[in-house]
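Below is one structure; the comments refer to it alone.
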Amino acid sequence: MIARKYRLQLLKVIALLSQVRWYNILLLASAQYLAGVFVMNKPRDWWQTISDKHLHYVVFASLFVIAGGFIINNFYDQEKDLVNRPKQTLFEKIISRNSQLNFYLIFTLIGLLLAFAVSFKALLFFSGYAFGLWLYSHKLKKIAWLGNVVAAFFAVIPFFGIFYYYDQPTLNFVLYIGMMVVAVFAKDVAKDTVAQKGDLIYGYATLPALYGFKSARWIIVAALLLVPVLTGLMLPRVAQAMYTLLIVANSLVVITIVQTLAAKRPQDVSRTLVLLKFIIVGGVFSLAFFQQ
């Protein structure tokens, strides 16, 4: 009986980790620390950077607020997700609706308390971010274009927390964030294309649902064509290692565009989705070479 009780608790923990998208949380934390060490400071001063407790407060404030954002997003999307990803959603329903709301409030509160430990302005910044995540989940994501654009910007807003803390954003890093916004936007449109069935059933006005599969492909391609433009602005001012990585990234973008145009049905876009996730993950870890 006791073993069964602990097994149920373990399943609930796993379900909670699934709801907060722990892999996205881990990726974001890595990106923020890499930005702090290799972009906002000199790499040789890495220990001094990592020893700064306020950097950790900013990173973990981001993580808890975003975890809360994922939970409230799941709360509003549960019926649609039962159509698009039934097995995962049924597993996540181990956590009751009331528990979801409680975890959302707890995670958001912890994030705001960590932000307040940095400064009152940081508290205002993350309070606005937390409210924006709720508004996106509740209303904005159902609005064509606006939902995808807002989602892309919300994905990179934690970088602005790093900007705010160090107060020294560089032009190249702003351009880098622009490329990440474009990649995340394309990924979200690709994800909506694959999940088009559930969006149509529950009336989500996503771009694929509104304009159809073929138009969605061209929207993804048009977004990805912005990457070479932003890269061209960065190349004259980057170190050799980053120069090489940007060329590789653009080669992957070309492959992704070809794959997207070759897709014959919505499910084929899942390959585009995989490539875009790979590009985003690679983009995050390329921060380690930003000044090398």
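Odds and ends about this structure:
- The set of residues in the range 51-78 that are hydrophobic (A, V, I, L, M, F, W, C) and under 23 Å from Gly282 (Cβ atoms) comprises Val59, Leu63, Ile66, Phe70.
- The residues of the range 18-36 that are among the hydrophobic types (A, V, I, L, M, F, W, C) and touching a residue at least 24 places away in the same chain (Cβ under 8 Å), listed by number, are Val20, Ile25, Leu27, Leu28, Ala29, Ala31, Leu34, Ala35.
- Residue within the range 184-195 that is outside the structural domain of Lys121 (by TED's automatic domain parsing) and at pLDDT below 80 present: yes
- Subset of the range 272-292 that is surrounded by fewer than 16 Cβ atoms within 10 Å (Cβ to Cβ) and not small (Gly, Ala, Ser) - its residue that is modelled with the lowest pLDDT: Gln292
- The single residue among Leu133, Leu123, Leu175, Leu114 that is surrounded by fewer than 20 Cβ atoms within 10 Å (Cβ to Cβ), assigned to a helix (DSSP H, G or I) and assigned by TED's automatic domain parsing to the domain that holds Lys42 turns out to be Leu123.
- Single residue of the range 122-179 satisfying the filter (of a type in the set (D, E, K, R) and more than 23 Å from Phe103 (Cβ to Cβ)) that is modelled with the highest pLDDT: Lys142
- Looking only at the range 1-51, and only at residues there that are within 30 Å of Arg97 (Cβ to Cβ) and of a type in the set (Val, Ile, Thr), the one that is nearest to the chain's Cα centre (by Cα): Ile25
- First in the range 233-246 and assigned by TED's automatic domain parsing to the domain that holds Ile280 and modelled with pLDDT under 80, second anywhere and outside any loop (DSSP other than H, G, I, E, B) and not hydrophobic (A, V, I, L, M, F, W, C), Cβ under 7 Å, 6 or more apart: Arg237/Asn172; Val238/Asn172
- Check on Tyr211, of a type in the set (Ser, Thr, Tyr) and under 21 Å from Leu171 (Cα atoms): no
- The range 4-99 holds helices (runs of 4 or more DSSP H) entirely within its bounds, and those carrying 1 or more residues that are at pLDDT 90 or above and at negative phi map to 22-34, 53-84.
- Test result for Asp77, under 25 Å from Phe125 (Cβ atoms) and of a type in the set (Asp, Glu): no
The values are calculated or read from the model by the stated rules, or taken from the named source; none is laboratory data. Quick caveat, the model's predicted, so the values are computed rather than measured. FYI the Cβ positions are ideal-geometry reconstructions off the backbone, even for glycines, and counts take in every protein chain you see.
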